[in-house]
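Since the structure comes first, as structure tokens, the remarks are kept for the end.
The values are calculated or read from the model by the stated rules, or taken from the named source; none is laboratory data. The structure displayed is predicted, hence computed values, not measured ones. So basically every Cβ, Gly included, is an ideal-geometry build from the backbone, and we count neighbours across all protein chains shown. Areas reflect the complete protein model, heavy atoms only, side chains present, ligands, DNA and RNA absent. Shrake-Rupley method; radii C 1.70, N 1.55, O 1.52, S 1.80 Å.
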Amino acid sequence: MEQNYNTRRSFLKSLGVTLGVAGLGVSSGVLTSCSKVSSVSPEGKIRLLTPGGTLVEVDASQLTPAEMPSLTDNQKRGRLGMEGKSWVMVIDLSKCRNARQCMAACQNHHQLRPEQHHINVLQMQDAEHTAPYYMPKPCMHCDNPPCTKVCPVNATFKRADGIVLIDNERCIGCRFCIAACPYSARVFNWFEPRDAEKYEGVTYNIEANVPQKKGTISKCLFSADLLRDGKLPSCVSACPNSVYWFGDRNEDAVTNGTTKETVSFSKLIRDNGAYTLMEELGTKPRVYYLPPKNRTFPFEGELIEKGHQG
Amino acid sequence: MNEIKSPEESRKSLDRIFRDLTRSITHRDEMSRFWLFILVMFAIVGVWGFIIQIQRGLGVTGMRDYVSWGAYIANFVFFVAVSLIGFLISSTLHLLKIEWSKPISRVAEQVAIAAVAMAGLIIVMDMGRPDRLQNVFLHGRFASPILWDLTVVTTYLVISVLLFYLPLIPDLALLRDRLTGVPEIQKKIYTVLALGWKGNEEQYRLVTHAMRILMILIIPVGLSIHTVTSWLFASTLRAGWDTTIFGPYFVSGAFVAGTAAVVMVMFVYRLRYRLKNYFTHHHFDMMGKLLVFVCLVYLYFNINEFLVPGYKMRLHEGIHLRELFAGGYSRMFWFVQIAGLILPIFLLLFKYFRRPFPMFLISFLVLVASWFKRYVIVIPTMEHPHLPVQNVPDYFKHYAPTSNEIVILLFGFVGALIIITLLAKLFPVISIWEYAHQQGIDKKYLTEKPENQ
């Protein structure tokens, strides 16, 4: 089910459709991909897939070309962020069973190769005799981000809504931000990205950092494109184990990606003793962790690097 | 300065000095052609490697997401380091009125220009998108240490070229007036570059004045160039880089590498262009002492850099230091410390080893160790980030340069050698007029037309 949802969404993504229904006569490139979801019936009706996921039939004469967001508009909007929002994520480590659906959904959404992780589920052990646990690690979207400070061309930047973004139309590939990030949150496109031919000519969407580009950086963006559509980030909604809470700190509300339950953010982190990762570095992360206590399942992983846990 | 000589003596000795010091320009044989041929071949291979890298992506190197800065960056730091010798010898020692280093100034400037020019090229070759270099100028953010580095590297290159060129002008006039047996075009180049030098007091006064300004200007720039380069590392939160002594640590290490490079070039010139009377035992002796001195300073910083965190062994520092002292990088680390620092200090305390040939061998060792020193600074730190490296292929975890990467790395060395060779083939490797002046030959003889022409 999760898988279906993601495939469908990425279809729409590749069409460049964000709102409304995909239409005819946009450009030949779009038309070719359109044929994958729509077909013309003999009566002049057209079948289309709505972003909600229902298949509808529309009279061909009723169709008007959809607005394709231009690259400049995309870039401008992407740099400003969503007004009045202050996105935060809460990761409940007591729930994570290493299902890795988040990783799969993320790689699917952001067109990543199997070894590229915007979110990586790590097997952690803090000290020699402490209990090991699984720790999903996205970008921390720090409020004092070491990565954006060092960027020589302002290709990575902090938006007003808290998200740290990448502009891979501008990135020069110096990889200083990778060196600066203490959370190893950033990846680089060492070769042509996955499915490069398939996405050739597709307008770049800064809020999803797709299509990826060779020689540039990529990283977790809290699925900024989905947030704009009022949806949760891919990893959050893909999780089967209620690990992720996501929401707006200004509204003091976070929603669980699995149960869709919405609770008070401040109460959640207060009641569960939430912490941030390596707060001693002063990076002020926007991702909060709830400690891995009262787990009802065993840790089945093997610790790969003994004596090298954060 | 020697005693003032009589007119005949002056003319004769000026002729001899001119002949000796232009030998690098007039002397042409199979050997020099072969040397250039080899260099150009290697350079072509390097360019070919770079083209492949552009086409297929930076993935043709051994770098991956965790070790995302590799040997290119080590190479860059090495060349920036070597270039610093220009400012030490031709400016600092000059301003301190130290006489022995004067004939070495031009060699030091050659090395500085070659090294800093290559450093600039290497950093472009390390970029994922060299085609977007213009973004640095279009969208440059001055808060990024890369911008600072770019600024000081270009400034340093400009000042170094000027410091090479200004004291060369009187020599260019000499070459224009006296040199025979070179192609017409080369003579034309000298004529143009000599800027109509006549050799009157006013012109000398201007050159000396301008040089003095440049020599003072290059001190802050020279110090900044390597300090800022060290900040590329020190401005991050990584164990092994996150230290406050990186600036002076890098600067002192740079003098070690640069002194060694200059000694090697001096030795080759002395041999190839028969300059035994110009680069004398005394010069090598003094350079040996200089090398010991800068090595001692560098040793002091090394002790600070490793002993203090080694005493505490804080979690990540501890992992990093264990890797260096006894882990996968221990052989390289101890080679660098012993062969590149302790051994030279010990050997060069003896006069026997401060002779030209032993100095050449020791300098070679020091230079090799200096390169690996940069490697050991850059790579082990990247292999051990704060969080465990998981869910990636094994080759992401350990870095080793690929063959494609190595040919590009070699391009740096070959490029620097080509620049040095061309400079030696075009211009005297020791300032003729300054040397003549030191020998007590009056400036007026420099502008005389030689009798035998």
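If you go through region A:117-131 and pick out every residue that is more than 17 Å from the chain's Cα centre (by Cα) and within 11 Å of chain B (Cβ to nearest Cβ), you end up with 6. Being open to solvent by 70 Å² or more (accessible area, probe 1.4 Å), closer than 30 Å to A:Asp167 by Cα and at pLDDT below 65 holds for only one residue in A:Leu80, A:Leu24, and it is A:Leu24.
What tally of residues in region A:101-116 results from selecting those that are out of contact with any helix residue (DSSP H, G or I) (no Cβ under 6 Å at 6 or more places or on another chain), crowded, with 24+ Cβ neighbours inside 10 Å and within 14 Å of chain B (Cβ to nearest Cβ)? Matching residues across region A:101-116 total 0.
Against the definition (at pLDDT below 95, under 30 Å from B:Asp394 (Cα atoms), acidic (Asp, Glu) and not assigned by TED's automatic domain parsing to the domain that holds A:Tyr199), how does A:Glu67 come out, yes or no? Judged against the criteria, A:Glu67 is not a match. Taking the criterion of being among the β-branched types (Val, Ile, Thr) and within 20 Å of the chain's Cα centre (by Cα), the residues of region A:276-290 that qualify are A:Thr276, A:Val287.
When we screen A:Gly273, A:Gly257 for residues that are over 25 Å from the mean Cα position of the chain (by Cα) and either at pLDDT 95 or above or over 24 Å from B:Val389 (Cβ atoms) (or both), the only hit is A:Gly273. Note on region B:222-248: residues that are open to solvent by 40 Å² or more (accessible area, probe 1.4 Å) and part of a helix (DSSP H, G or I) total 3.
Applying the criterion of being more than 9 Å from chain B (Cβ to nearest Cβ) and open to solvent by 10 Å² or more (accessible area, probe 1.4 Å) to the residues of region A:149-168, the residue that is nearest to B:Leu147 (Cα to Cα) is A:Phe157. For region B:83-103, a residue qualifies if it is aliphatic (A, V, I, L, M) and open to solvent by 10 Å² or more (accessible area, probe 1.4 Å), and the qualifying residues are B:Leu88, B:Leu93, B:Leu95, B:Leu96, B:Ile98.
Pairs meeting the criteria (first residue in region B:396-419 and within 14 Å of chain A (Cβ to nearest Cβ), second residue in a helix (DSSP H, G or I) and of a type in the set (A, V, I, L, M, F, W, C), beta carbons under 8 Å, at least 6 apart or on different chains) are B:Tyr399/B:Ile379; B:Tyr399/B:Met382; B:Thr402/B:Val60; B:Asn404/B:Ile52; B:Asn404/B:Val60; B:Glu405/B:Val60; B:Glu405/B:Ala71.
The one condition from (1) open to solvent by 10 Å² or more (accessible area, probe 1.4 Å); (2) closer than 18 Å to B:Glu383 by Cβ; (3) modelled with pLDDT of 95 or more that B:Phe335 does not meet is (2).
In summary, B:Val414 fulfils each of the numbered conditions (1) in contact with a Phe, Trp or Tyr (Cβ under 6 Å, 6 or more places away or on another chain); (2) closer than 30 Å to B:Glu202 by Cβ with the single exception of condition (2). Just checking, how many residues over region A:205-232 are more than 14 Å from every other protein chain (Cβ to nearest Cβ) and in a loop (DSSP other than H, G, I, E, B)? Number of matching residues: 12.
In region B:178-197, the residues that are polar (S, T, N, Q) form Cβ pairs under 8 Å with partners that are outside any helix (DSSP H, G or I), at six or more places apart or across chains, as follows: B:Thr180/B:Gln453. Just one of the listed residues (B:Val60, B:Val80) is under 30 Å from B:Val407 (Cα atoms), open to solvent by less than 10 Å² (accessible area, probe 1.4 Å) and among the β-branched types (Val, Ile, Thr), namely B:Val80. When region A:77-100 is filtered for residues that are touching a Gly at 6+ places or on another chain (Cβ under 8 Å) and within 11 Å of chain B (Cβ to nearest Cβ), only A:Asn98 remains. Can you confirm whether A:Tyr275 is open to solvent by 40 Å² or more (accessible area, probe 1.4 Å), among the aromatic types (Phe, Trp, Tyr) and either closer than 15 Å to A:Lys85 by Cβ or assigned by TED's automatic domain parsing to the domain that holds A:Thr130 (or both)? When the stated conditions are applied, A:Tyr275 passes them.
Determine if region B:34-54 includes at least one residue that is away from chain A (no Cβ under 14 Å) and polar (S, T, N, Q). For region B:34-54, residues away from chain A (no Cβ under 14 Å) and polar (S, T, N, Q): absent.
Go through (1) within 30 Å of A:Lys149 (Cβ to Cβ); (2) crowded, with 16+ Cβ neighbours inside 10 Å; (3) out of contact with any Cys (no Cβ under 7 Å at 6 or more places or on another chain) one by one and return the number of the condition A:Ile217 breaks. With respect to (1) within 30 Å of A:Lys149 (Cβ to Cβ); (2) crowded, with 16+ Cβ neighbours inside 10 Å; (3) out of contact with any Cys (no Cβ under 7 Å at 6 or more places or on another chain), A:Ile217 is out only on (3). Could you please let me know if A:Lys267 is among the basic types (Lys, Arg), under 27 Å from A:Gln116 (Cβ atoms) and either open to solvent by less than 40 Å² (accessible area, probe 1.4 Å) or out of contact with any Leu (no Cβ under 9 Å at 6 or more places or on another chain) (or both)? Considered against the rule, which asks whether it is among the basic types (Lys, Arg), under 27 Å from A:Gln116 (Cβ atoms) and either open to solvent by less than 40 Å² (accessible area, probe 1.4 Å) or out of contact with any Leu (no Cβ under 9 Å at 6 or more places or on another chain) (or both), A:Lys267 comes out as no.
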